[in-house]
Amino acid sequence: MGPGGHDGFIEGAMTTMLVFKRLAALAVTIGAILAGAGIALAGDGQPSPWQLGFQQSATPVMDNIITFHTFVLYIIIAISLFVLALLLTIMVRFNARANPTPSRTTHNTLLEVAWTLIPVVILVIIAIPSFRLLFYQLTIPAMSAEAGDVTIKATGKQWFWTYSYPDHGNFEFDSLIVRDPAQLKGRPRLLAVDNELVVPVNKNVRVITTGAEVIHAFAVPSFGIKIDSIPGRLNETWFKATREGIYYGQCSELCGKDHAFMPIAVRVVSEDEFKKWVEGARKRFAREDVTPATTVATVESSATR
Ligand SMILES: [Cu+2]
């Protein structure tokens, strides 16, 4: 390397330092703006302004999702920093001025084996907890009526949800978005509903879901659940809310013009409160077991013949 090459090296390093300084200044500025906006890092049961991460977790499944997400994020950061370091090294040490006569190397067996195997190992390290989490999400725990576990059925309709409680008297009710701002009473716009889905805290809740006419999807971010509601088919998922409160979700399958206006609101209450609510709901949403109109019509038409 001649004296000119040496100068080039220094010059390249100086430029790199300048870039670093500018990046650092940018990061500090963005940090200051976010801090000034009173950033809430995670909403509890609902999104919050300037939120960056997930909503706060309220179930073991979501706890696991957040842990897994953080784990993968660390790996991504490590890989990005490694690639950045490689790029900077190449820019500084192997630019035309610093390295005027490039080597003619084309193959390096050790390097090629390494850059094939190391990514494979990284993917396996990610896959193991990923599959474990997937099985945890998809395996419905053994439901025990004595332990107070609850099954609910959520039917997606254009454009609201109908909930029924088959184990608790099979009552059923519709849950519609609150459109009138005066009726919100502090609840979030576009998420509040007239009749919330009520479930007991610390109990396994199995959600059976279907669609009435098109595909909808039942999703509650704080619970880490999102499952398609498909006409003519029953899908199921589960959650175990560990904190009382109201948790909001939305239909997550484009289902028509009011897709954005069929929110999901789950109120998690104590077991006693849940029992009281069920008693009230059985009266409030009582329905007579009438024969469906279609069946009656068929019987009548065949009788007149
Ligand atoms: Cu929908």
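Is at least one residue of segment 88-111 among the β-branched types (Val, Ile, Thr), in a helix (DSSP H, G or I) and within 30 Å of PRO129 (Cα to Cα)?
First, pick out the residues of segment 88-111 that are among the β-branched types (Val, Ile, Thr): 89-90, 92, 101, 105-106, 109.
When the remaining residues are screened for being in a helix (DSSP H, G or I), the result is 89-90, 92, 109.
Then keep just the ones that are within 30 Å of PRO129 (Cα to Cα); that gives none.
Checking segment 88-111: not a single residue is among the β-branched types (Val, Ile, Thr), in a helix (DSSP H, G or I) and within 30 Å of PRO129 (Cα to Cα).
I'd like the residue in segment 266-282 that is β-branched (Val, Ile, Thr) and closer than 17 Å to LYS240 by Cα and, out of all such residues, is farthest from the ligand (Cβ to nearest atom). I'd like the intermediate steps shown before the answer.
Filtering segment 266-282 for residues β-branched (Val, Ile, Thr) gives 266, 268-269, 278.
Going one step further and asking which of them are closer than 17 Å to LYS240 by Cα, we end up with 266, 268-269.
Numbers: VAL266: 16, VAL268: 23, VAL269: 26 Å.
Of everything passing the filter in segment 266-282, VAL269 is farthest from the ligand (Cβ to nearest atom).
Table: residues versus (1) away from the ligand (no atom under 16 Å from the Cβ); (2) within 30 Å of THR70 (Cα to Cα).
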| residue | (1), (2) |
| --- | --- |
| VAL120 | yes, yes |
| VAL124 | yes, yes |
| PRO141 | yes, yes |
| ALA145 | yes, no |
| GLN158 | no, no |
| TRP161 | no, no |
| GLY169 | yes, no |
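Need pairs with beta-carbon distance below 7 Å; first residue closer than 21 Å to GLU273 by Cβ and within segment 242-253, second in a loop (DSSP other than H, G, I, E, B) and within 16 Å of the ligand (Cβ to nearest atom); sequence gap 6+ or separate chains.
So the pair list comes out as TYR248/LEU191.
If you check PRO263 against the conditions, is it under 20 Å from GLU172 (Cβ atoms), surrounded by fewer than 18 Cβ atoms within 10 Å (Cβ to Cβ), at pLDDT 95 or above and within 12 Å of the ligand (Cβ to nearest atom)?
Taking the combined requirement at face value, the residue does not satisfy it.
On the given criteria, is LEU134 at pLDDT 95 or above and under 30 Å from LEU23 (Cα atoms)?
Numbers: at pLDDT 95 or above: yes; under 30 Å from LEU23 (Cα atoms): no.
Considered against the rule, which asks whether it is at pLDDT 95 or above and under 30 Å from LEU23 (Cα atoms), LEU134 comes out as no.
Can you find, within segment 106-160, the residue that is farthest from VAL193 (Cα to Cα) among those that are of a type in the set (Lys, Arg) and open to solvent by 60 Å² or more (accessible area, probe 1.4 Å)? Spell out the reasoning first.
As a first pass, look at segment 106-160 and keep what is of a type in the set (Lys, Arg): 132, 153, 157.
Of the ones still in play, those that are also open to solvent by 60 Å² or more (accessible area, probe 1.4 Å) are 132, 153.
On the way: ARG132: 35, LYS153: 17 Å.
Selected residue: ARG132.
Being under 19 Å from PRO60 (Cα atoms), in contact with a strand residue (DSSP E or B) (Cβ under 9 Å, 6 or more places away or on another chain) and of a type in the set (A, V, I, L, M) is the requirement here; does ALA219 meet it? Before the answer, list the steps.
Details: under 19 Å from PRO60 (Cα atoms): yes; in contact with a strand residue (DSSP E or B) (Cβ under 9 Å, 6 or more places away or on another chain): yes; of a type in the set (A, V, I, L, M): yes.
Yes: the conditions hold for ALA219.
The values are calculated or read from the model by the stated rules, or taken from the named source; none is laboratory data. Treat the numbers as computed from the prediction; the structure is a model and nothing was measured. Counting neighbours? That spans all protein chains shown, and the Cβs are built from the backbone with ideal geometry, glycine included. Surface accessibility is based on the protein's heavy atoms, side chains included, excluding ligands, DNA and RNA. Shrake-Rupley method; radii C 1.70, N 1.55, O 1.52, S 1.80 Å.
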